[in-house]
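Heads up: the structure comes next, in structure tokens.
The values are calculated or read from the model by the stated rules, or taken from the named source; none is laboratory data. This structure is a prediction, so every number in the text was calculated from the model and none was measured. Cβ: placed from backbone, ideal geometry, glycine included. Neighbour counts: every protein chain shown. For the accessible areas, the whole protein counts, side chains as well, though only heavy atoms, and no ligand, DNA or RNA atoms are used. Shrake-Rupley method; radii C 1.70, N 1.55, O 1.52, S 1.80 Å.
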Amino acid sequence: MRFSPSRLAELDGSYRLLKTPADRPPAQRDPAVAERVSAMLSEIERDGLDAVLRYARDLDGWQDGDVEISAAELERSGDELPKDVRVALELGAERTRAFALAQRAHLVDFETELAPGLVTGHRYVPVGRVGAYLPAGRFPLLASAFMTVGVAKAAGVPSVLACTPPGRDGRAHPAVLYSAYLSGADRAYALGGVQALAAMAFGLLGERPVDMLVGAGNAYVAEAKRQLFGRVAIDLLAGPSEVAVLADDTADPVLVAADLLGQAEHGTESPAALVTTSQRLGEEVIAEIDRQLETLATRHIAGPAWRDYGSVTWAKDAATAVELMDELAPEHLEVHTADDAYYHDALRNYGSLFLGRWSTIAYSDKGMAGTNHVLPTAGGAKHSAGLSVSRFLKPLTYQRVTREATPALAEAVDVIAEYEGMAAHRATATLRLAGYRPEQEGNR
């Protein structure tokens with residue numbers, strides 16, 4: 001997440017870089033990862049479940065047994081958790097479901113008559129089968145099931161499978177399983193990485209192949225989704241988690257620093273950017289981040305991320321700040337200013353927006369805000385939105401034409417098809433035109 005040189009040249013003199021990231025390539029695609037994933041997918045497609053289980057044994061530490069988690073075990077998974085964790089997960093699942101259902105209620109079927117006898121419309125039909133990947137690596141991301149499984153079920157998807165990698169004890173993380181249970185997963189498997197996505201896409205788990213793969217994961221998971229796209233749909237291609245804050249001189253440097261580090265904690269290659277109209281605030285935030293890192297338990301992760309991928313930029317005015325931030329197009333964007341409404345109206349490129357000092361990305365990350373945290377990275381917000389209930393719905397169009405509408409439609413198609421040289425297309429129209437009889441107008 002960095003500015004392009006050409007864009008900076010356009011804004012010359014209206015900004016100043018107070019901290020620049022190291023000269024490192026963005027951590028998106030590694031040719032070695034792509035090659036390895038390609039070989040794994042080819043082997044799994046050729047050898048089927050046997051290859052899946054070989055990789056599960058070698059990479060997940062799976063031992064002989066069933067990789068499927070029974071419905072009873074899924075339901076009991078919450079019994080292993082502290083009560084306060086269960087209550088928090090239940091709240092997150094409900095908030096995320098409520099927001100997704102509200103979104104669904106605003107996606108309505110419609111029908112309109114474009115001309116007498118020509119009726120068109122669309123209706124929303126859910127995808128048939130979804131496979132959700134629930135990461136459980138360095139940090140088990142407990143809310144991931146809310147955003148993938150739960151939102152798919154809110155959209156009306158009939159069948160949702162969930163895969164999550166087992167831990168060192170060979171068992172899936174109980175909190176991840178409980179989140180999947182609360183979200184309505186139909187079947188769940190202790191299966192990780194490329195082999196999990198391939199098994200769902202190729203239909204190797206006693207189920208037909210899924211139509212869509214969703215969920216975050218490491219570089220291998222992201223690459224597997226990229227290579228499987230086309231065979232199945234995917235939510236989006238996401239890289240390391242990103243955070244950006246747009247702030248003025250009214251912002252609290254302690255909160256801004258904490259929120260930047262909160263996302264840098266995701267991984268050592270997670271970008272964190274501050275764009276501010278106050279040079280004083282920018283300098284205070286840099287100092288405050290150094291101070292907070294001294295005692296942060298995860299400084300071994302957040303520290304390198306800030307050092308190598310962190311940036312602070314001063315903008316001369318609000319309009320320049322908006323242009324700079326729209327150029328970054330961050331995954332998560334917080335706004336801490338005296339006029340948040342201005343920025344809400346002006347900003348165009350972000351995955352999800354968090355307005356005001358009382359908003360923080362963690363509220364969404366953990367499912368409490370209800371909005372989805374599966375979002376575009378690496379500038380993808382310039383052209384794409386994050387995962388939502390609409391992604392699991394197909395707006396299917398239809399047309400219904402009567403006799404009376406035939407002449408206007410058929411005559412125009414006759415002209416166009418003849419000009420194009422498409423004789424068969426032309427015949428589909430002219431045959432109907434020949435069958436049209438004004439005296440039979442009443443028989444439609």
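Of the residues that make up segment 216-225, is at least one in contact with a strand residue (DSSP E or B) (Cβ under 7 Å, 6 or more places away or on another chain) and either closer than 14 Å to VAL67 by Cα or without any contact (Cβ under 8 Å) to a residue 60 or more places away in the chain (or both)?
Yes, that holds for at least one residue.
Write out, first by first residue and then by second, each pair whose Cβ atoms fall under 6 Å of each other, whose residues are 6+ apart or on separate chains, and whose first residue, in segment 374-387, is within 18 Å of VAL214 (Cβ to Cβ) while the second is at pLDDT 95 or above and not in a loop (DSSP other than H, G, I, E, B).
Matching pairs, first to second residue: VAL374/MET147; LEU375/SER352.
All but one of (1) hydroxyl-bearing (Ser, Thr, Tyr); (2) open to solvent by 10 Å² or more (accessible area, probe 1.4 Å); (3) part of a loop (DSSP other than H, G, I, E, B) hold for SER270; which doesn't?
Here SER270 clears every test but (2).
Regarding segment 102-112, can at least one residue be identified that is assigned to a strand (DSSP E or B), at pLDDT 95 or above, β-branched (Val, Ile, Thr) and out of contact with any Lys or Arg (no Cβ under 7 Å at 6 or more places or on another chain)?
Within segment 102-112, one or more residues are assigned to a strand (DSSP E or B), at pLDDT 95 or above, β-branched (Val, Ile, Thr) and out of contact with any Lys or Arg (no Cβ under 7 Å at 6 or more places or on another chain).
When GLU80 is evaluated against the numbered criteria (1) over 26 Å from the mean Cα position of the chain (by Cα); (2) over 24 Å from LYS366 (Cα atoms); (3) modelled with pLDDT under 95; (4) open to solvent by 80 Å² or more (accessible area, probe 1.4 Å), which criterion, by number, is the only one it fails?
Answer for GLU80: the failing condition is (2).
Does ARG391 meet the test of being among the basic types (Lys, Arg) and under 30 Å from GLU334 (Cα atoms)?
Here the answer is yes, as ARG391 does meet what is asked.
Quick one: what pairs do we get from segment 355-366, first residue on the phi > 0 side of the Ramachandran plot, second open to solvent by less than 30 Å² (accessible area, probe 1.4 Å), C-beta under 8 Å, 6+ apart or different chains?
Short answer, once both residue conditions are applied: GLY356/VAL335; GLY356/HIS336.
Scan segment 219-247 for residues that are in a loop (DSSP other than H, G, I, E, B) and closer than 21 Å to LEU142 by Cα and jot them down.
ASP235, LEU236, LEU237, ALA238, GLY239, PRO240, SER241, GLU242, listed by residue number.
List the number of the failed condition for VAL87; all other conditions in (1) modelled with pLDDT of 95 or more; (2) loosely packed, with under 14 Cβ neighbours inside 10 Å; (3) within 30 Å of ARG403 (Cα to Cα) hold.
Only one criterion is unmet by VAL87, namely (3).
Can you name the residue in segment 125-147 that is of a type in the set (A, V, I, L, M, F, W, C) and open to solvent by 40 Å² or more (accessible area, probe 1.4 Å) and, of all such residues, is modelled with the lowest pLDDT?
Residue satisfying both the conditions and the ranking: PHE139.
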